Structures are given as structure tokens and as C-alpha cells.
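One structure is given here, and the rest of the page talks about it.
Nothing in this text is a laboratory measurement; each read-out follows from the coordinates by a stated rule. This structure is a prediction, so every number in the text was calculated from the model and none was measured. Please note: Cβ atoms are built from the backbone with ideal geometry, for glycine as well, and neighbour counts cover all protein chains shown.
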Ligand SMILES: Nc1ncnc2c1ncn2[C@@H]1O[C@H](COP(=O)(O)OP(=O)(O)O)[C@@H](O)[C@H]1O
Ligand SMILES: [Mg+2]
């Protein structure tokens with residue numbers, strides 16, 4: 001089967017000299033959950049943001065859902081085609097504060113997929129029920145807790161029926177007691193066979209749900225292992241050091 | 001209970017007591033003077049006799065129902081807006097009604113489509129003031145939005161042109177723009193096509209006010225975090241959809257208080273047209289005072305004008321504050 005994401009020798013630098021991505025090659029198969037870990041500034045966000053065209057890259061090849069993306073910058077249409085099939089969830093939720101929860105979720109189905117409002121709202125309510133927050137449908141984002149907002153953000157991403165979901169530290173901005181409600185929702189998605197790339201430092205989630213762990217440092221892939229190997233017997237000194245650090249916290 | 005509070009707040013020590021007494025006696029003295037003047041000294045006949053002039057200018061007598069109808073509709077619309085939250089079905093129609101009432105005014109005043117035409121020099125009074133204000137406001141809002149977006153454009157040509165326009169307009173006094181509007185706009189038009197002074201004034205006001213609106217809206221745009229655009233992009237929305245559906249609604253909410261200020265300022269500035277020969281509210285006052293019959297009655301006329309301006313401006317401010325509250329409610333619930 002064709003991989004959902006295939007990156008080959010991706011390289012990108014923001015300022016001259018510092019490489020945010022340094023010769024990165026990985027692939028994500030359908031139904032797979034790839035967990036991306038690494039210290040702050042190692043290029044995790046930059047990497048997953050290239051997958052839906054939020055970041056460009058300087059050289060290498062990238063193929064998302066069979067659509068090849070080059071390092072040139074004029075591919076708006078291709079990128080929008082990819083974005084309609086790839087959902088993304090941000091650290092800071094990024095809900096639209098002026099729209100109700102229901103409107104947040106139905107916006108893209110109505111405006112991008114040209115669905116009828118009734119149909120879009122019905123589907124949105126189903127998603128909200130899955131996320132356990134259907135009672136908040138008519139509220140506004142500022143009335144919800146962080147954990148609830150993040151679940152709305154997941155529902156919003158799911159509304160376009162994506163084939164791949166990208167998560168950039170989805171629980172880092174949450175109160176500790178709110179983390180699990182979001183991780184549980186993600187766990188259920190993984191069980192349903194959703195392909196996901198998740199940047200996270202939640203070790204338990206990575207162990208239970210992850211199929212592969214990608215460890216990055218300074219824009220480079222240090223190692224790609226199964227969670228069993230990575231968390232018990234990491235191949236690289238740097239991975240072990242990093243794991244010790246997050247265990248201490 | 002109340003007495004105790006008053007005592008605590010206003011008479012807690014000797015200095016406070018003296019200040020309070022002085023202020024109270026000052027208020028009483030000025031109030032009695034003013035009321036005495038209003039009810040005994042002032043001669044309001046100049047206002048009573050000219051009431052139709054103040055409201056409608058020298059509009060033909062048999063057609064007075066047209067400006068009358070228009071003004072009543074505005075009054076109804078204003079109160080409907082203020083009461084809207086109690087009547088759930090109203091809010092849906094309000095924006096459309098508000099946008100259409102300025103063109104409706106032009107139609108009712110100017111005539112056409114079965115109404116007999118009335119020349120613009122017969123438009124006047126409060127009706128003309130509100131027509132100038134509402135039409136200029138409704139035209140300058142979209143222009144201001146375009147300019148504000150232009151100033152943030154990625155295309156240098158558009159960005160520079162918008163900045164140049166905004167900065168130029170903001171460094172010229174309004175009266176100069178109005179003068180040029182009256183004198184120059186006819187020169188730019190092809191011979192034979194003539195637009196009346198009211199339209200020229202509306203164009204000049206629009207060109208001027210939109211530059212200020214653009215700056216207020218730009219402030220609003222800057223208050224919307226970049227991540228909002230990203231969140232829209234990720235959903236596959238078109239850049240134009242993101243601007244219209246996500247960025248602008250939030251920016252306009254933030255800018256609303258300053259936009260209201262501009263609207264109230266605009267209403268007051270329409271009185272400058274009195275100098276340029278339009279008989280809007282201030283102009284009609286001046287022309288009434290020029291009538292030998294009413295000579296010397298200028299205090300009555302100006303007090304009356306001030307009261308009218310005050311009522312209209314207060315109504316505008318009330319509606320604006322009401323909208324702000326509604327939006328804050330929407331956000332918090
Ligand atoms: N917009 C940007 N402009 C310049 N440098 C950036 C930008 N975004 C990220 N970087 C740099 O790129 C590197 C990788 O950043 P990032 O991908 O955000 O790391 P992570 O998500 O792992 O914390 C860091 O050195 C960061 O300073
Ligand atoms: Mg990051």
C-alpha cells in the first residue's frame with residue numbers, strides 16, 4: 001500500500017546556517033500512528049507543518065496522500081487539495097472565538113465542501129457526541145475549558161473526514177487534569193484506524209497508541225523505533241538523555 | 001441607609017462638606033438660571049414656526065410625507081435595534097434594513113419611480129444631516145475595509161498605494177477635502193454629466209472618513225492573532241474566505257468602539273457643509289437667522305440645534321453601545 005506521507009531528504013533552514021530540518025526521511029503508512037518527540041526547537045513543528053503546506057522546504061521530496069509537493073513555492077492549489085484531506089490540531093486550539101462551537105465545526109464543510117447546513121450540523125453533532133461535548137454545541141469557545149476546546153478542535157478537524165490527522169503538542173497547553181480527556185479522544189481515533197502524526201511528550205500515550213516513535217534533535221532524525229524499543233532500550237545516547245529529562249518532570 | 005451612604009461619601013470631613021455644598025449650590029444656581037431662561041425669557045416662536053424647516057428643509061409642502069416617512073422609519077429602526085434582544089426574530093433583518101435605509105432616503109427625497117422629482121437644493125434640515133451621515137458612513141465602511149486590507153497586502157504596489165492614500169487624507173483638513181469635492185469633482189466628470197452638491201459632499205466625506213476608518217480597522221486586524229489565519233488555511237478555506245469569515249468579523253468587533261466615534265464625528269462634521277452652502281441642520285439655522293423676522297433670536301436657535309444634535313448623537317452612541325454589549329454577550333454567553 002502507498003504510504004500516506006513519504007518524506008525524502010527534507011531540508012529547510014529559516015536563517016542561514018541553522019537547519020530546522022536536516023535531511024529528514026520518514027514515511028507514515030495508512031492507519032499508522034507516528035509519534036514525534038524531541039527537545040524544544042528540534043524542528044518537530046516545522047516537520048509536521050510541511051505535511052500540509054504550512055511550511056515550505058528548501059530541498060528534498062514530499063508526497064502526501066499521493067500528491068507530490070516540491071520545494072518551489074507556487075503550489076497553492078495542490079496544497080489546498082491536501083488540506084481538504086489532512087486535519088490539523090494545534091497546541092493553542094485556535095478555535096474561532098466569534099463563532100459558536102457548532103459554527104466552528106460546520107464552517108469548513110459548508111464553505112469548502114459545499115455541504116447543506118442541515119447536513120453539516122447533523123454531522124457536527126455526531127462528532128461532538130463522539131467527543132462527549134454535544135451539550136456545548138451552542139456555546140462559544142471562551143465558555144469552554146481547555147480540554148473541551150481541544151476536543152472541539154479535534155471535531156473541527158474531523159468534520160472534513162480527513163485521511164490523516166496532524167497533532168502539534170495537543171495537550172501541552174492544558175491543565176494536567178484535563179490532559180487525559182483529550183488523549184482518550186485521540187486513542188479512540190487511533191483504534192478506529194485513523195492515520196495520525198502526533199508531536200507529544202506524553203510517554204504513556206506514545207507507548208500505548210504509537211506504532212513508531214521518531215526522535216529528532218537539531219533538525220535531524222536521531223532514531224526511528226517502535227515504542228517498545230525506544231522507551232526501554234533506545235539506540236542512541238541522545239534519546240536516552242532526553243527520556244531521562246522528561247521522566248524527571 | 002441611603003442617607004448614611006450620602007453622609008459617608010459627601011460629608012465625611014469638613015473639606016468634603018464644603019466642596020459638596022459649593023458644587024450643589026453651583027448646580028442649583030445654574031439649573032434655575034437655565035430653566036428660567038428656557039421657560040420665561042426665551043422666545044421659542046422662532047423654533048415653533050420653523051419646525052418643518054429644521055426637520056425637512058424647504059421640501060415641497062405637499063411632499064413632506066416623504067422625508068417624514070424616512071425619518072420615522074429611522075426612528076422605528078433605532079428603537080427596534082435597541083429592543084431587538086427581546087424580539088428574537090428581529091436581529092436577522094436589522095443589518096439588511098440598516099444598509100438599505102440610506103438608498104431608500106435618496107429615493108424618497110429625490111423621487112423617481114413614480115415619485116415626483118425634488119431637486120437637491122430643496123433637501124435640508126435634520127433630514128439632510130442624517131442623509132449625509134448615513135450615506136457617507138455606509139460607503140466609507142467598505143472603502144475603509146478595502147484600504148485597511150490593502151495596507152496589509154503582500155503586493156507592494158497595493159500596500160504603498162493604500163498607505164499613501166490613507167496618510168494623505170489624514171494630513172489634510174476635512175474642510176479642504178469638502179471644498180475640493182465641491183470644486184473639483186465636476187471637473188473630473190464628462191461634460192453634460194452633473195452630480196448635485198449633496199452627492200459631491202457625500203463623495204468628499206466618504207473619501208475622507210474612509211482613511212480614518214481604515215486606520216481603526218487596521219488596529220482591529222492587528223489584534224487578530226496570525227494563528228487564526230492558519231486555523232482557516234488548515235481547513236482548506238480560500239484566502240478570501242479566511243479574510244471575510246474569520247479575520248474581518250473579529251477585527252470589526254475590536255474596532256467597533258472607534259468606528260462609532262468616527263460615525264458620531266461624521267454627523268457633527270456634516271455641519272461644515274453649512275459653510276459650503278448646503279442647508280443641513282446648521283445651515284438651515286443660519287438661514288433662518290438671516291431672515292429679518294427672526295433677527296437676534298440666535299441663542300434660541302443654537303440651543304435648539306444643540307439639543308437636536310445631542311439627541312441624535314446620543315441615540316447613535318446608545319445603539320453602538322448596545323451592539324457592543326450584544327457582541328460581548330455572544331462571545332461569553
Ligand atoms: N518562523 C520562524 N522563523 C525563524 N526561525 C524559526 C521559525 N519557526 C521555527 N524556527 C526555528 O526553527 C527551529 C525549529 O523550530 P520548531 O520546528 O518550532 O521546533 P519544535 O517544534 O521542535 O520546538 C528552531 O530553532 C526555531 O527557532
Ligand atoms: Mg513546536
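Counting alpha carbon pairs within less than 8 Å and at least 6 residues apart, what relative contact order, in whole percent, applies to chain A? Don't skip to the answer; put the middle values down first.
Values: 462 pairs, mean separation 63.6, N = 249.
For chain A, the relative contact order is 26 percent.
At each listed q (0.12, 0.14, 0.18 Å⁻¹), what is the log10 of I(q)/I(0) that the Debye formula gives for chain A modelled as equal alpha-carbon point scatterers?
Calculated log10 I(q)/I(0) at the listed q: -0.70, -0.95, -1.44.
Of all beta bridges DSSP finds with both residues in the protein assembly as shown, what is the antiparallel percent, to the nearest 5? Please report the intermediate quantities before stating the final value.
Working: 20 of 38 bridges.
Expressed as a percentage, antiparallel bridges in the protein assembly as shown total about 55.
Compute the projected area of the convex hull of the Cα atoms of the protein assembly as shown, averaged over all viewing directions, and report it in nm² to one decimal place.
On the way: hull surface 158.4 nm².
Answer in nm², one decimal: 39.6.
Once you average over the residues of A:84-91, how many Cβ atoms of partner chains fall within 10 Å of each Cβ? Walk me through the intermediate numbers first.
Details: counts 3, 1, 2, 3, 5, 2, 4, 1.
Shielding by partners across A:84-91 averages 3.
If I model a spin label at residue B:286 and residue A:61 as a point 7 Å from the Cα along the Cα→Cβ vector, what separation in nanometres do I get?
7.8 nm
May I ask for the angle, rounded to the nearest 10°, between helix A:117-130 and the longest principal axis of chain A, with both axes built from Cα atoms and the value confined to 0 to 90°?
60 degrees
Normalise the Cα radius of gyration of the range A:95-161 by 2.2 N^0.38 Å (N = residues in it) and let me know the number. Intermediate values should be presented prior to the final figure.
Details: Rg = 10.5 Å, N = 67, 2.2 N^0.38 = 10.9 Å.
So the range A:95-161 has a normalised radius of gyration of 0.97.
Just the C-alpha atoms of the range B:202-311: what Rg/Rh do they give, with Rh taken as the Kirkwood radius? It would help to have the intermediate numbers written out before the result.
Values: Rg = 21.6 Å, Rh = 17.2 Å.
For the range B:202-311, the value is 1.26.
Tell me whether chain B comes out rounded, prolate or oblate; compute the Cα gyration tensor, take square roots of the eigenvalues as a ≥ b ≥ c, and use a/c under 1.5 as the rounded threshold. Before the final figure, lay out the partial values.
Values: a/c = 1.81, a/b = 1.14, b/c = 1.59.
Oblate is the answer for chain B, as a/c is 1.5 or above yet b/c matches or exceeds a/b.
Say we join alpha carbon atoms closer than 10 Å with springs in a Gaussian network model of chain B; which of B:222, B:241, B:250 then has the biggest fluctuation?
B:241
How far is the Cα center of the range A:1-61 from the Cα center of the range B:113-141, in Å?
Using only Cα atoms to place each centre, the spacing works out to 61 Å.
With n ≥ 4 as the cut-off for DSSP H runs, can you work out [θ] at 222 nm for the protein assembly as shown, using -39500 (n - 2.57) per run divided by the number of residues, rounded to the nearest 500? Walk me through the intermediate numbers first.
Values: 23 runs with 335 residues, N = 582.
Value at 222 nm, helices only: -18500 deg cm²/dmol.
With angles folded into 0 to 90 degrees, how steeply does helix A:146-158 sit against the dominant principal axis of chain A? Use alpha carbons for both and round to 10.
For A:146-158 against chain A, the angle is about 90 degrees.
Which whole number gives the average count of other chain Cβ atoms within 10 Å of the Cβ atoms across peptide B:301-310? Intermediate values should be presented prior to the final figure.
Values: counts 0, 0, 0, 0, 0, 0, 0, 0, 0, 0.
Average per residue, whole number: 0.
Quick one: compute the contact order of chain B, relative version, from alpha carbon pairs under 8 angstrom and 6+ residues apart, as a percent. Each step should come with its number before you reach the end.
Details: 312 pairs, mean separation 68.3, N = 333.
So the answer I get is 21 percent.
Please grab the % of Cα pairs in the range B:1-41 that end up more than 14 Å from each other.
Numbers: 489 of 820 pairs.
Counting pairs separated by more than 14 Å, the tail of P(r) holds 60 percent.
Looking at the range A:146-236, what % of its DSSP beta bridges pair antiparallel, to the nearest 5?
Values: 5 of 10 bridges.
DSSP beta bridges in the range A:146-236 are roughly 50 percent antiparallel.
For peptide B:239-248, how many partner chain Cβ atoms fall within 10 Å of a residue's Cβ, on average? Could you put the intermediate results ahead of the total?
On the way: counts 2, 0, 4, 1, 0, 1, 6, 5, 1, 1.
Per residue, the number of nearby Cβ atoms from other chains is 2 on average.
Using alpha carbons only, how many degrees (0 to 90, rounded to 10) separate the axis of helix A:101-111 from the longest principal axis of chain A?
Between the helix axis and the principal axis of chain A, the angle is about 80 degrees.
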